[in-house]
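The values are calculated or read from the model by the stated rules, or taken from the named source; none is laboratory data. Because the structure is a prediction, the values reported are computed rather than measured. Every residue, glycine among them, receives a Cβ derived from its backbone with ideal geometry; neighbour counts consider all protein chains shown. For the accessible areas, the whole protein counts, side chains as well, though only heavy atoms, and no ligand, DNA or RNA atoms are used. Shrake-Rupley method; radii C 1.70, N 1.55, O 1.52, S 1.80 Å.
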Amino acid sequence: MTASTYAGAPLTEESEELLALALSRPSEALAAARRMLAQRPSPSQASVAHQAIGVVLRDFGDISEAIRELTAAHRSARKAADPARESDVLASLAIARLLAGQTQRGLSILDQVLRDSHGVPAGRILIRRVNALWVLGRNAEALRDAQAAVGLLSGAGDLVWEARAVHWRAAVYFALGDMGRAERDYVRAEALFDECGQRLEYASVRHERGVAAHARGDLPTALAHLDHAQALFEQLGIFEAELYVSKCTVLLAAGLAREALTEVNDAVSRIEREGGSATRRAELLYASALAAAATGDLGLAQRRSTEALRLFRRQQRPWWAARAELVLLLCLFAGGDYDPDWMLRAARRVTARLDELDPVIAFEAHLLTGRVASGHDRPGLAARHLRSAARARQTGGLRARSTGWLAQATWCEAEGRWPAMLIACDRGLASLDLHLRTLGATELRTMATAHGAELAGMALRYAVRQENARLFLKWSERWRATVLRVTPVRPPADGELVADLAALRSVVGRLTVAPRDRTAAPALERERRRLEAAVRQRVLRTPAVAWGTAEPFEAAGLLDQLGDSELIELTDVDGQLFAVVASGGRLRLVRVGPTERATRSLAHALFAIRREGSRRGSDRLDLAEIGRRLEVALLGDSVRLLRGGARGTTGPVVVVPTGRLHAVPWGLLPSLRDRPTAVAPSASAWLRACRAPRPAGSRVVLVGGPGLFTGSEEVSKLAAQYPDAVILVGGDATAERVMAAMDGAWLVHVAAHGTFRADSPLFSAIELHDGPLTVYDLEGFKQAPYRVILSSCSSAVGAPVGADELLSVVSALISLGSAGVVASVVAVNDPATVPLMIALHHHLRAGSGLAEALMLARRTVSDDPAADSTARSFIALGT
C-alpha cells in the first residue's frame, strides 16, 4: 500500500470526475485541473482543482508542492463557505503533512475533522486516518478505523469509496500478518475498482497482491501479479517507481539478481531522464544498490547506496537512510577495504537505529556487527550481536531465516562449537529446501540455491580443516545439484505457452533463412525478443507441486553401488579445488589446486579440440600434452588414488565436476582415456540414474535435423541397426512430432545442430525442421526418454547458476528423469561424427553402457585430427 490517500467528496459531477481521475489517470487529472484553474473558477471549483493537483503531486512524491496546493485548496473551500468541502481538503492535507514528517500535526487535523463528520463523509475521513495510522505502524488502531469505514461505506451507493475502504482494510490485515483475510479483501477491492473503472487503483491493488504473495513465500504468484500490475501501469502511461522496488525485491528473493538489476537500473534511467520525484529516485537507487550487491558488482552497489543515503538524509527519511547505510556497510565489508575501528562504530550505530525502525532488517545489521567484532578480536561484543541475529531463525521470511541460521553458525564457529555449527548449517539449508518447495519453474529453483552457498561453505571449510573425506563428501552433496533431487515441475497445460513456443520457432526459422534482409530482420528480431520474454514470464509463474521426500545421501550407499567402479567428486572451496576419491570401499580427500588454474587450462583444451575438429591450421596441436596439463589442473594427485594409478587402465570411473567445470572433454585426460568415464552433476544424481527403471517398451527414435553437412547419412546408417525405429527426418522432424516420439522412449538419437544460449540458457535448443526445440519444450515431457544421444554441437554445454547448478538441454533431460545422455562439449565436425556414432550404437546394442560404449567407439576412429578431436569432444552423462 502506498502512503497516499484519496481525493475528497465533490460537490458536482464534474468535480467528482476530476477527483476520481486523480487516482485513475493522474496525468489527465493534472492537466484538467490546471485548465480549470486557468478559467477563473468559482471558489468551490478552485478548491477541487487545487486538491486534485495536490493529491497527484503527493502520490508522485513531491510532498512540499503537494502541501502548497492542498493549502490553496483549503483557502478556496473556506471562501466557498462549504464545511464538507473544507473537511475533505483538510483530510487530504493531513496525510501530506504526515508524509512530510509532521506526524502530530497531521493526526490532530484528522481527529478534528472526524469529530465534525458523520455517515458517509465520516467513512471517507476514517480511511484517511487508517492511512495515517498504517504509516505510523499503529495497526490495531488502523484496523478498528478500517472496519468502521467499511461498515459506513458498504452499500452506501459509492463503489469507489467502498473499494477504497476494503483496500485499506486489506493493507492493515497484511501489516498484521493475517494473509488470508488480506487476500480476500484484496480480491474484493479489485472487483469493486474494476466495476467502477478505477484502473489505476485496480493496478495498485494488483501490485500489493504481488507484495503479499512474496511475503507468504509464493514467488511464482508474486511475479505474476507484479508483471500484471506493471502492464496495467504502462497501459495507463504511469511510471510507478514503487512497483520496480517491489519487483526488484521479489526477483532477488528468487535469485534472479541480474534481472533485478536490469529492471531497476532501467527505472533509475527513466526517472532521471524524465525528471521524476527525488523521493522515488532515492528508493530506486536503494533497490539498485541491493541488486548490484547481489550480482557481485560492489563498486556500483557502493555508489548507488551512497547516493541513496545522501538523498534519504536530505529528505529526512530515517528508515530508508538506515537501510541504505546498511547496504553500503555490507558492500565495504564484502570488499574488505575498510578501517576496522570505523567499520565497527558505523555498524553498531546502524544496528541500534534499525533496532528502533525495522527489527527484521536489524537482524542483518546484527550479523554484520557480529562478524566485524569477531574479526576485530571483540568476542564478547561479537557473541551479543550474533545471538541477536540468530533470533531471526524463528521469523517467517526466507531472508530473515537465512540470516538467523547463518548468524547461529557463525557464532558457533567463533566459539569453536563445531557440532553445533554443523547443526545450524544443516537446519539453515533445510529451511531453504522448504523454500524451494514453493517454486515451480526450474530457473527459479536453480537460482534460489545460491542462498545456501555460505552455509554449505562453512561446513566444507570445517571438513577440510579436519581432513575428513566422508564429512566433506556429505556436505558437498548436501548443496550441489539440489534441483535434481526434487520432483520436476512440468508447466501446466497452457495453450498460450504452446502457441508462443510455436510462434518463436517460426520467427527463428525466418531469421535463419533470411539473415541479410535488412527490412525484415530488425522486426523479426524484436518479435523474437518479445516471444522469448513472454515464454519466460509464463514459465516463471509455474506453481509448485507436492514433493516426495528426497532420499538422503549416504556415503555407504554410494560405495556399495560403485562396486568395482571408482568416483572422483570435485568441489570448489574458497577458490581452491578439492577432490574426494571413492575407491576400493574407501574415501580420501585431496587438495587439487586453484580453481582459476583449472578454468584456464580447460579453456585452452576446448580451444584446441575445436581447432583440430574444424581442420583449421596447418600444424597439429599436441592434444596429448594439452590433456596432460588439463589433468594436472583438474584432478591433481587424485588420479594416483585410483586403482592402476595415474597411467593405469582398469575399471569404470564416475566424475562429478563443479558447475563451472562441467564441459570437460574427459577423454582427453591420459588417466581416463582408456577407462569408461561417466559424468554426473552429483553423486546422488548418479545413484538415481543407476536405480532408474527402464521403460516397459524398447522404442528407438532416430531424428535428423536440417542443415547438416552430411544430410541424413547418420540417421540412414543407424536405421540399418534399428529396423523398427521411429524415423523423423526432413519435414517429419517437427517439434510436435519429435516430442511425441521421444516421450517415454527407451533410446533417442538426435543428429541435428544445437545452439547454446549463454544469455538465456533455457532457450538453448536442438534445431529441427520447423525451428528450435528449446528446454522449455522439453519440460513438457510426461516421461523423459531413458537414454538420449545428442550428436549435435555443444549439446553438453550449460550455464552455471545458483550454488552449483546448471541450466542446459542435458541438465533438463536428467532433471526430468533420463538415466543417461551422450553430448558434446564443443562444436563438432559433422562428417567425423557419423562413424563415431555408428560405432557407439554398435557397442550399445552389444550390451555396453553409455560410458563404455563411448570409450570403445573412440578406439575405432582414425588418426585423422578431426576424427580424433571429435571423438574426444563427446562425454557420457549418467548410465
Taking M421, M179, M36 and ranking on accessible area (1.4 Å, protein atoms only), highest first, one gets M179, M36, M421
What number do you get for segment 295-371 when its Cα radius of gyration is normalised by 2.2 N^0.38 Å, N = residues? 1.03
Give me the 1.4 Å probe accessible area per residue for the chain, excluding ligands and nucleic acids, in Å². 40
Please work out how much length the chain gains when fully extended from H842 to A758, using 0.36 nm per residue of separation minus the C-alpha to C-alpha distance, in nm with one decimal. 26.8 nm
Taking H placed 1.01 Å from N in the peptide plane, check which residues at least 5 places from V592 or on another chain put their amide H under 5 Å from its amide H. L577, F578, A579
In Hz, Karplus ³J(HN,Hα) per residue of segment 707-723 (6.51, -1.76, 1.60; θ = phi - 60°; x = Gly, Pro): x, 6, 4, 8, x, 9, 4, 4, 5, 4, 5, 5, 4, 5, 7, 10, x
Over the chain, what is the percentage of antiparallel beta bridges among all DSSP beta bridges, to the nearest 5? 55
Could you give me D for segment 321-363, from Stokes-Einstein at 37 °C and 0.692 mPa s, where the hydrodynamic radius is the Kirkwood radius over C-alpha pairs? Units µm² s⁻¹, please. 314
With +1 at each Lys and Arg Cβ and -1 at each Asp and Glu Cβ, the charge dipole magnitude of segment 674-803 around its Cα centre, to the nearest 20 debye, comes out at 600
Would you calculate, for the chain, the mean residue ellipticity at 222 nm contributed by helices, counting each DSSP H stretch of 4 or more residues as -39,500 (n - 2.57) and dividing by all residues, to the nearest 500? -19500 deg cm²/dmol
Once neighbouring chains are kept in place and the probe is 1.4 Å, which whole percent of the accessible area of the chain is contributed by carbon and sulfur? 51
Dipole magnitude of segment 46-175 about its Cα centre, charges +1 at Lys/Arg Cβ and -1 at Asp/Glu Cβ only, in debye to the nearest 20? 240
Only Cα pairs under 8 Å and at least 6 apart count here; give the relative contact order of the chain as a rounded whole percent. 7
Over the Cα atoms of segment 719-821, Rg to Rh with Kirkwood Rh, two decimal places? 0.96
Which of L309, H376, M421, positive extreme of dipole for the chain (C-beta unit charges): H376
Taking the Cα atoms only, what angle lies between the long axis of helix 139-153 and the longest principal axis of the chain, rounded to 10 degrees? 70
Amide H neighbours of L806 at under 5 Å, excluding residues fewer than 5 places away on the same chain, with H built from the backbone geometry, are V801
Sorted by accessible area with a 1.4 angstrom probe, largest first, how do F709, F756, F607 fall? F709, F607, F756
Karplus-derived 3J(HN,Hα) from phi for segment 835-851 (6.51 cos²θ - 1.76 cosθ + 1.60, θ = phi - 60°), whole Hz, x at Gly and Pro, runs x, 4, 5, 4, 5, 4, 5, 4, 6, 5, 5, 7, x, 6, x, 4, 5
Alpha carbon centroid spacing (whole Å) that separates segment 34-62 from segment 686-735: 71
Placing +1 on the Cβ of each Lys and Arg and -1 on the Cβ of each Asp and Glu in the chain, which of F756, L589, V726 has its Cα farthest towards the positive end of the resulting dipole? L589
Only four residue types carry charge here, +1 at the Cβ of Lys and Arg and -1 at the Cβ of Asp and Glu. Report the dipole size of the chain about the Cα centre in Debye, rounded to the nearest 20. 1620
Cα-based Debye curve of segment 831-874 sampled at q = 0.15, 0.29 Å⁻¹ gives log₁₀ I(q)/I(0) of -0.30, -0.97
Amide H to amide H under 5 Å from V748: which residues, 5+ apart in sequence or cross-chain, H placed 1.01 Å off N in plane? V701, R787, V788, I789
Helix axis angle, 340-357 relative to the chain longest principal axis, alpha carbon, degrees: 50
Taking Cα atoms only, helix 63-79 is inclined relative to the longest principal axis of the chain by an angle, in degrees rounded to 10, of 30
What's the whole-number percent of alpha carbon pairs in the chain lying beyond 39 angstrom? 49
Could you put I423, I127 in order of accessible surface area, largest first, with the 1.4 Å probe and the full protein assembly present? I423, I127
For segment 62-110, with the dipole built from +1 on Lys and Arg beta-carbon atoms and -1 on Asp and Glu ones, taken about the Cα centre, which of S64, A81, L98 lies farthest toward the positive end? A81
Multiply the residue gap between A696 and A334 by 0.36 nm, knock off their C-alpha separation, and tell me the result in nm, one decimal place. 124.9 nm
